[in-house]
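Report on the structure given below.
Bear in mind that the values in this text are calculations on the coordinates, not laboratory data. The shown structure was predicted, so the numbers you read here are calculated from the model rather than taken from an experiment. Cβ sites come from the backbone with ideal geometry, for glycine too, and all protein chains shown count toward neighbours.
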Amino acid sequence: MSVRKKWVTSAFNQISTMDAKGATPPAAECSDGRLSKSKNLKRKLSDDLGTVQKIVNKNVTENMSQKNWLNTFAPSNVNELAIQPKKIAELREWFQHCDSMRNKQPAQICLLSGPSGCGKTAAVYVLSKEFQFYLQEWINPIDQEIIYNLGDQGYGEGYKNSQSEAFKSFLFKASRYRSILGITNDKRRLLMVEDFPNFLLKDGDAFQEILEDYQNYGKSPIIFIVTDSKSRGLNINYNLFTDQLKQKLLIQHINFNAIASTLMQKAMKRFCSIIAMQTEKEMYKVPATVIIDSIVVSAQGDIRNALINLHFAALNGVPGVLVTSLDKPKDSKLMIKKRKSQNSLKSIGKDESITMMHALGRVFNPKYVDNQERFLHNPEDIVDAFVTEPKKFTDMLQTNYLSHFREIEYIAPASNGLSLSDLLFQEYREDTLAHVGLNIAIRSLMVTNKQPITAWLPVKAPKRLVLDHQAKLPKEAAHHLIKPYNVSSNLYNTDYHTYVKILSQQNK
């Protein structure tokens, strides 16, 4: 005889939404005490599972709200954009032109460039919604190499779809065919490319061929969004969209500027009004005015950076954000117009990289604060910016420093400092000496130049002197050198060649 086992219901099955009425356990004979104990245990188990389900639902809701927190502050109309009205008008004219040229050749192409966080993508989203364009954006796939197995091939054999073919397929199919879901039946389509494929960055000719084919066969307008870069090698606007290509394909180029401080303040007020809403009070608190002003100063025209800093500064339970005062010259026009002191965020902010031209200007024309006792730009910051290429920066200083000095008495100590730094660069056995040599070169020029020339002076590139060790001394050098003229070719080319040339011309 076999005794049936007691039916056991899994706790995981009760969490799911499926009803287990079909799996009804058979009735079992038991006493009244065991029956009441089983009912209490089952009731307790159901209560615990209900509590677990509530916690899971709450966590899912919180994760969804935290995941999409940036969309809460997204602009919904043109008035909420923190962009210059002139630039919005230029982009609006292009949308109107695309509306008038609907389903006509050639396809309209626009290039939208500007610094990071100037509102390029947000402007495209808002205007596409206003003109009822369905926006389709190209996003680089995570898996670039997809292997397609054919029916007669074994496992692991097949062909790979290249990234260029995937990009071409997106451009031509998305512009010519409607969605099978019926989302774009009543809307025109607009293609947007912001995340450029990697193969385009290396092959500009392939990109030109793709644009030429799209202009002839594409059915929808396309807009390219490019972020400006200080490095010419990483500047997509310079490498891909050449002047010849823009003239040939009639590409409309619209360049956005960094967001002005007044527009940034207006956007921050809108963000704070959203934070103060009842639905956001559980997550945010409105920060102090000093914190908001510091965020605006630290963002440097980058509204994305300002919004991220505001998000961390306004979170509930987060300690206060530290600020530091900005040093301004006392006789500057800004301090005359505005007596209000400005602060910057101490812990978070936008990283300000120093270019070669900015650093040369700070060295050749140093500015002072506190009654000519302290530099406005710290020499250590300039040294840290070029610590990876000290020799290159010092060569630029040696080539251009003479034209910025007024008196010879200032040039002599500056020249001694540059000579000492050049001597330290020759010591290759100690890496720290290069840092010391760069520091001496920068400080010697900034300290000794008491009255720099403020006129505009072009920057010259350093010249590389190539010495011919096998070359012999010319015959005219014997007439001008002191006997015995036992001079090596290196010494003659570096010290005597210029003077011998001048004396030879005078004797003629």
Checklist outcome for this item: Residues other than residue 82 with Cβ under 10 Å of its Cβ, Lys/Arg counted +1 and Asp/Glu -1, net out at +1
Next on the checklist: Between residue 73 and residue 422, what is the label-point separation in nm under the 7 Å Cα-to-beta-carbon projection?
Outcome noted: 5.2 nm
Next on the checklist: Among 406-412, 359-365, 171-177, how do they line up by average Cβ neighbours within 10 Å per residue, starting with the highest?
Outcome noted: 359-365, 171-177, 406-412
Checklist entry - Going by average Cβ neighbours within 10 Å, how do the peptides 69-79, 85-95 rank, with the highest at the top? => result 85-95, 69-79
Checklist outcome for this item: Subtracting the Cα-Cα distance of residue 392 and residue 376 from 0.36 nm times their residue separation yields 3.4 nm
Checklist entry - Under 5 Å between amide H atoms, partner at least 5 residues away or on a different chain: which partners does residue 134 have, H built in plane at 1.01 Å? => result 188, 189, 190
Checklist entry - In the calculated pair distance distribution of segment 356-448, what percentage of Cα-Cα distances lie above 19 Å? => result 36 percent
Checklist entry - With r defined as the distance between the Cβ atoms of residue 430 and residue 308 and R0 fixed at 41 Å, what FRET efficiency is calculated, to the nearest 0.05? => result 0.50
Item to check | Radius 10 Å from Cβ of residue 422, net charge of other residues (Lys, Arg +1; Asp, Glu -1) | outcome: 0
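May I ask for the net charge around residue 245, where only other residues with Cβ less than 13 Å from the Cβ of residue 245 are counted and Lys, Arg are +1 while Asp, Glu are -1?
-2
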Item to check | FRET efficiency for residue 491 and residue 409, using Cβ-Cβ distance with R0 set to 25 Å, rounded to 0.05 | outcome: 0.30
Item to check | Distance in nm between pseudo-label sites at residue 172 and residue 282 (7 Å out along the Cβ direction from Cα) | outcome: 5.1 nm
